[in-house]
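Notes follow once the structure below has been shown.
Any read-out appearing in this document is the output of simple, stated calculations on the displayed coordinates, not a laboratory observation. Note that the structure is a prediction, hence the values are computed from the model and not measured. Positions of Cβ are backbone-derived with ideal geometry, glycine not excepted, and every protein chain shown enters the neighbour counts.
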Amino acid sequence: MGVARLVVSFLELLEAEVRALGAGLLDLKIASILAWVAGCLILTGFLLVVSGVFFTLRRAVSGPAALVATGLITLAVSGGLLWGARKIVRRA
């Protein structure tokens, strides 16, 4: 009788853990979808800022010069972000 009760208890525990894992996976899926949406919105915002800088510079200088200046600013910002990320990874 003791072994049967132990097996039943173990199976009930296993069932509860599987349910908890399923709920955790659902939360993980929702969080990853929200992270992707946030990433797309951040990229869109960055592109709008870059285009705003370009159109502002285009009024002051010629089109090609505005493109070069905007490209250099964008490269500087992205290089700084990568450098910061590299420092964070090296710390960990």
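Send over the semi-axes of the chain's equivalent ellipsoid, whole angstrom and largest first, taken as the square roots of 5 times the C-alpha gyration tensor eigenvalues.
So the three semi-axes of the chain are 56, 16, 5 Å.
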*Pick from L41, L75, L14: which residue has the top mean-square fluctuation in a GNM of the chain where Cα pairs under 10 Å get a spring?*
L14
*asked:* Taking the 0 to 90 degree range and rounding to the nearest ten, how far is the long axis of helix 2-60 tilted relative to the main principal axis of the chain, both from C-alpha atoms?
replied: 10 degrees
*Once you've got the GNM for the chain with C-alpha springs shorter than 10 Å, pick whichever of G45, G22, G71 has the biggest mean-square fluctuation.*
G22
*Hey, if you put +1 on the Cβ of every Lys and Arg and -1 on every Asp and Glu Cβ in the chain, which of G2, L67, L25 ends up farthest toward the positive end of that dipole?*
L67
_Under the Karplus curve 6.51 cos²θ - 1.76 cosθ + 1.60, θ = phi - 60°, whole-Hz ³J(HN,Hα) for the stretch 82-87, x wherever Gly or Pro sits_ = 5, 5, x, 5, 5, 5
